[in-house]
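Report on the following structure.
The values are calculated or read from the model by the stated rules, or taken from the named source; none is laboratory data. The structure presented is a predicted model; accordingly, all values stated were derived computationally and were not measured. When we count neighbours, we look across all protein chains shown, and the Cβ atoms used for this are built from the backbone with ideal geometry, even at glycine.
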Amino acid sequence: MTQVNSPNTPNHQGEYSAADITVLGGLEAVRLRPGMYIGSTDQRGLHHLAYEIIYNSIDESMAGFCRHIQVTIHQDNSVEVVDDGRGIPVEIHPTTGVSALQTVMTTLHAGAKFGGQTYKVSGGLHGVGASVVNALSSWMRVDVRRDGKVYRQEYSRGIPKADVKEIGEAGSIGTTVTFLADKDIFSTTIYDFDVLAERIREMAYLNKGLELSIKDERTGVEKTFYFEGGIASFVRHLNRTRTTLHSLPIYISRSVNGTYVETAVQYNDGFSETTFTFANCINTADGGTHLTGFRTALTRALNDYSRRAKLVKEDDANLTGDDVREGLTSIVSVKLANPQFEGQTKGKLGNAEVKGNVETAVFDGVIQYLDEHPNEARAIVEKCLTSARAREAARKARDLVIRKGALDGSTLPGKLADCSEKDPAGSEIFIVEGDSAGGSAKQGRDRAFQAILPLRGKILNVEKAPPDKMLAHEEIRALVTALGCNIDQQCELSKLRYHRVIIMTDADVDGAHIRTLLLTFFFRHMSNLINEHHLFIAQPPLYRIQAGKEHFWVYSDKEKEEKLKTLSEKKVEIQRYKGLGEMSPEQLWSTTMNPATRTILRVDVEDAVKADETFHKLMSEEVPPRKAFIQAYAKSVRNLDI
Ligand code: 0RA
C-alpha cells in the first residue's frame with residue numbers, strides 16, 4: 001500500500017478501512033486490465049473515456065435537471081465536460097465518512113445511495129462509470145457548483161490528491177469534469193473530433209431538447225447539436241435523400257409500466273429496412289425485447305388497420321413482418337430503470353417486460369396515427385401490399401433457381417475457377433473485376449486453396465432493385481451460387497464455401513465503384529458474412545519502383561514518397577499500375593495474393609448508423625456527391641472501416 005499516500009484517509013483516523021482497500025484494489029485492477037472495463041486501449045477505448053463522462057451528464061438530463069452539456073477537447077487532449085445539472089452531491093456520508101463526490105469518482109461500480117436517492121451508474125457500452133475513467137487518467141479534476149459554492153476535488157490515476165475543498169462562490173449550478181487519459185495505458189491519447197461529434201449528435205437526437213456542444217481547441221472547430229424533434233429529426237435525417245411516402249414521421253412517445261417508449265417511423269420508396277434501437281441512449285446493435293415488441297406491434301397495427309379500412313380483401317393473407325419492413329426507416333428508443341444488456345458485446349436488450357410495454361405503446365400510437373391520417377395510411381399500406389406481391393414473385397424466382405440447383409452451390413457457375421481444397425476454413429475466393437484481371441488471377445493463384453470468380457462489368461446496385469430483380473441479375477446469381485450460403489433470412493454461414501471472401505478490384509475510380517456495389521450487396525443481403533469477419537479487400541500495389549537491380553512495390557502515394565527519399569542517390573524508374581490486368585500473374589501473386597506477403601483489409605461494420613450513412617452516401621442517386629465520395633474513399637481505403 002505504499003504508493004497510496006493520499007492525505008485523506010476516508011475515516012479520518014489515519015487508517016484505511018477494508019472498504020478503501022477494496023476501492024484501491026479495484027482501481028488497480030482497472031489499470032491492470034483496462035480492456036476488461038473499456039474494451040480496448042486504442043483510440044476506441046480512449047473515446048470511451050469521454051463517452052462515460054458524458055453519459056453521467058446525460059443521466060442528469062434524463063432525470064430532468066440538465067439542459068446543456070459542453071464538451072471541450074483541449075490542446076493537450078485533456079477533455080472537459082460541463083453540465084448545468086444539480087451538481088454531484090459533496091456532503092460527507094455519515095457511515096463512510098467520505099464525500100459522495102469522492103465515492104462516485106473512486107468506487108468501482110458505484111451504486112452509492114445519497115439520502116435515499118440512488119446515483120445510477122450510467123450504462124455505457126461497458127457501463128463502467130466515472131471511477132474507471134478516473135483510474136485510467138493521469139489526472140482528473142471535478143468542480144461542483146452547488147448551493148452558491150464551487151467545490152473541487154483532484155485525482156491522480158484515480159487516487160484523490162486531497163479531500164473535497166470549497167474553492168469559491170458559484171453563480172450557477174452544475175458539474176465540470178476534466179481529465180487527461182494516461183499515456184502509460186493508451187496507445188494513443190489523441191481524440192478524433194469527427195468520431196466524438198457523431199456520437200454526440202446521436203445523443204442529441206436521443207434526448208430531445210438537450211443541447212450538446214463540442215469544441216476542439218486544437219483546431220478551433222465547434223459544433224452544437226439540438227433537436228427539438230428528437231428521434232423524429234433523426235429519422236428525417238436518415239431519409240433525407242430518399243423519397244418518403246409521408247412527409248412527417250409517425251412519432252410516438254409514451255410511458256407504459258415504467259418503460260418510456262419513444263419511436264419514430266417513416267417509410268420511403270426503397271426496399272431495405274433501416275431500424276436503429278437504443279436503450280438509455282446506448283445503441284443496441286443486436287436488438288432485443290424492445291425491437292421484438294416494436295416489430296410485432298407495427299405488423300399487427302398495419303394488418304388491423306388495413307382490414308378495418310378495407311384496403312385488403314377479407315380472404316387475402318395477412319401482411320408479414322417482412323412486408324411491413326420494406327422501405328421502413330425507424331428509431332426505437334426506450335428508457336428504463338435497470339436495463340439488462342446481454343450477449344457477447346452487450347448489444348442486446350434483455351428485459352422481458354419491455355417487449356409488452358413497447359408493443360402496447362407502438363400499437364396504440366400507430367393505430368392512432370393511421371386513423372388520423374387516412375391518405376398517408378393508404379400510401380403506407382399500398383407500399384406494404386406491393387412488397388408482399390414482390391416477395392411472392394421473388395420466392396417463386398428463388399424456388400425456381402433453387403430447383404435448378406443454383407443458389408445452394410450444387411451447380412457452380414461456369415466462370416468460377418474453383419480450388420481443390422474442399423474445407424471452407426482453408427479456402428478463399430477472390431472476386432475479381434473483369435475477364436482480363438480474372439485471367440491473370442487464375443494463372444497467378446495457388447489453385448490448391450484459392451478460387452477465382454471473375455465478374456463482368458458493373459454489378460447491379462441492389463439498393464435500387466426490388467428483390468426479384470436482384471436474383472434475376474446474372475452476376476449476383478453467380479456470386480451467390482459460388483459462395484453457397486444463400487442470402488437474407490435464408491443465409492446460412494455453415495454453407496459458406498470459402499471462409500475468406502476477398503474483393504479484388506483495380507486501384508482506380510471504377511474499381512472503387514465496383515467494390516462499393518459489392519460491399520452494398522454484402523451489407524444488405526449477407527451481413528452476417530461481414531459480422532463473422534469473412535469479408536476482405538485485397539490491396540494491389542499502386543507503383544513498382546525500379547532502382548538499379550532492386551525493385552520495390554508500394555501501395556500508396558505516401559509510401560512512394562517515403563521510398564523515393566531513401567533512394568535519392570540512385571537512378572529510379574517508377575511504373576504506375578492502374579489495373580490488375582497490367583500485372584503479370586507472378587507479380588499479382590507476389591504483391592496481392594500470396595498470404596505470406598500480401599496485406600488484405602478486413603471489412604468491419606463498426607457502427608450500424610455510420611455504415612448506413614456511408615452506404616447511403618455511396619449509393620445515392622445524385623451523381624456529384626457520390627463521385628466525390630467514392631474518390632475520397634478510394635484513397636483512404638487502407639483505413640477502411642465501414
Ligand atoms: C445524484 C444526485 C444528484 C446529482 C447527481 C446525481 C449528478 C451526477 C452527475 C454526474 C455528472 N453530472 C451530474 N450531475 C448531477 C443531486 C441530487 C440533489 O441535489 O437533490
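Filter the range 67-112 for residues that are of a type in the set (Val, Ile, Thr), in contact (Cβ under 8 Å) with a residue 60 or more places away in the chain and more than 13 Å from the ligand (Cβ to nearest atom) and give the result.
Correct list: 72, 73, 79, 96, 98, 106, 107.
In the range 157-188, which residues are among the polar types (S, T, N, Q) and surrounded by fewer than 14 Cβ atoms within 10 Å (Cβ to Cβ)?
Scanning the range 157-188 gives 172, 187.
Run residue 145 past the list (1) buried (at least 16 other Cβ atoms within 10 Å of the Cβ); (2) more than 16 Å from the ligand (Cβ to nearest atom); (3) assigned to a strand (DSSP E or B); (4) among the charged types (D, E, K, R) and report the number of the one that doesn't hold.
Just one mismatch for residue 145, condition (2).
Which members of the range 293-315 meet the condition of being β-branched (Val, Ile, Thr) and in a helix (DSSP H, G or I)?
Within the range 293-315, 296, 299 qualify.
Working only within the range 319-347, note down all residues that are of a type in the set (Asp, Glu) and in contact with a Ser or Thr (Cβ under 9 Å, 6 or more places away or on another chain).
Result: 322, 323, 326.
Just give me the residues in the range 148-192 being over 24 Å from residue 30 (Cα atoms), within 15 Å of the ligand (Cβ to nearest atom) and either at pLDDT below 95 or part of a loop (DSSP other than H, G, I, E, B) (or both), in sequence order.
Selection gives 148, 170, 172, 173.
In the set 329, 275, which member is touching a residue at least 12 places away in the same chain (Cβ under 8 Å), buried (at least 24 other Cβ atoms within 10 Å of the Cβ) and part of a strand (DSSP E or B)?
Just a single option satisfies the conditions, and that option is 329.
Any residue at all in the range 55-76 that's of a type in the set (Phe, Trp, Tyr) and assigned to a loop (DSSP other than H, G, I, E, B)?
Yes, some residue in the range 55-76 is of a type in the set (Phe, Trp, Tyr) and assigned to a loop (DSSP other than H, G, I, E, B).
Name the pairs: first residue in the range 175-202 and free of Cβ contacts under 8 Å to residues at least 40 places away in the same chain, second residue of a type outside the set (Val, Ile, Thr) and not in a loop (DSSP other than H, G, I, E, B), Cβ to Cβ under 7 Å, at least 6 apart or on different chains?
From residues that are free of Cβ contacts under 8 Å to residues at least 40 places away in the same chain, the pairs are 197/223; 201/225.
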